[in-house]
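This is the structure I have questions about; it appears just below.
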C-alpha cells in the first residue's frame with residue numbers, strides 16, 4: 001500500500017471531483033495547495049465552468065487525457081458512481097497503448113507463425129504460446145481486471161462509508 005508521501009512524490013496529475021470555488025471549503029483549499037506546489041489539478045464539477053482559470057469538466061469521463069489520482073470531495077453516499085467513472089476512465093485511457101503494444105508484438109511474431117521450411121515447426125511452437133499470452137493479457141487487463149477492482153473497491157467503501165466522520169468523508173485518493 002502506498003503512503004501519502006509516495007502518492008505525492010509519484011503522481012503529478014490530480015482530478016478533483018467536487019472542486020469548489022468557495023474558499024472556505026476543502027474542495028478549494030486542497031486543490032489550491034496541490035496547484036501551488038506544482039501539481040496539475042483537473043477540476044471536475046458539473047456546476048462550474050472554470051476553476052482558477054482552468055476549464056472544469058462535468059465528470060471524469062469528459063477528461064480527454066489520463067489522470068494519475070482522483071481526489072473526491074463528495075459525501076460518502078455519493079462516492080460509488082465516481083469510483084465507477086474512475087475505473088472506466090482508467091481502462092479507456094489504456095486501450096490505445098495496450099492495443100499498440102499487442103499489435104506490435106503480434107506483428108513481430110507473425111513471420112514465425114507463418115514460416116515454412118526447416119525449423120518452422122519449432123518456431124511455431126515457440127510463437128503460439130506467446131500470441132496466446134498477448135491475447136490473454138489484453139483481455140484480462142481491459143475486460144476482467146476493471147470489474148474485479150470495482151467489486152473490491154465497492155466492498156472496501158461499503159465497509160468504511162458508515163464510519164467516516166462528516167468532515168473527512170469527502171477526501172479520499
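The values are calculated or read from the model by the stated rules, or taken from the named source; none is laboratory data. Predicted, not measured: the structure shown is a model, and the values here were computed from it. Please note: Cβ atoms are built from the backbone with ideal geometry, for glycine as well, and neighbour counts cover all protein chains shown.
Considering 42, 13, 17, which residue is under 18 Å from residue 89 (Cα atoms), surrounded by fewer than 19 Cβ atoms within 10 Å (Cβ to Cβ), touching a strand residue (DSSP E or B) at 6+ places or on another chain (Cβ under 9 Å) and not assigned by TED's automatic domain parsing to the domain that holds residue 95?
After ruling out the rest, the residue left standing is 13.
Can you tell me which residue among 155, 173 is loosely packed, with under 15 Cβ neighbours inside 10 Å, touching a strand residue (DSSP E or B) at 6+ places or on another chain (Cβ under 8 Å) and modelled with pLDDT under 85?
Selected residue: 173, the only one of 155, 173 that is loosely packed, with under 15 Cβ neighbours inside 10 Å, touching a strand residue (DSSP E or B) at 6+ places or on another chain (Cβ under 8 Å) and modelled with pLDDT under 85.
Any chance the range 87-97 includes a residue that's part of a helix (DSSP H, G or I), exposed (fewer than 12 other Cβ atoms within 10 Å of the Cβ) and in the same structural domain as residue 145 (by TED's automatic domain parsing)?
Yes: the range 87-97 contains one or more residues that are part of a helix (DSSP H, G or I), exposed (fewer than 12 other Cβ atoms within 10 Å of the Cβ) and in the same structural domain as residue 145 (by TED's automatic domain parsing).
Tell me which residues, restricted to the range 2-27, are farther than 10 Å from residue 72 by Cα, in a loop (DSSP other than H, G, I, E, B) and touching a helix residue (DSSP H, G or I) at 6+ places or on another chain (Cβ under 9 Å).
If the condition is that a residue be farther than 10 Å from residue 72 by Cα, in a loop (DSSP other than H, G, I, E, B) and touching a helix residue (DSSP H, G or I) at 6+ places or on another chain (Cβ under 9 Å), then 2, 20, 21, 22, 23 are the ones that fit.
Now for a separate question. Filter the range 107-123 down to the residues that are in contact with a helix residue (DSSP H, G or I) (Cβ under 6 Å, 6 or more places away or on another chain) and part of a helix (DSSP H, G or I), then identify the one that is farthest from residue 63 (Cα to Cα).
123
Quick one: residue 75 ticks every box in (1) out of contact with any strand residue (DSSP E or B) (no Cβ under 8 Å at 6 or more places or on another chain); (2) farther than 26 Å from residue 140 by Cα; (3) surrounded by 14 or more Cβ atoms within 10 Å (Cβ to Cβ) except a single one, so which number is it?
Failing condition for residue 75: (3).
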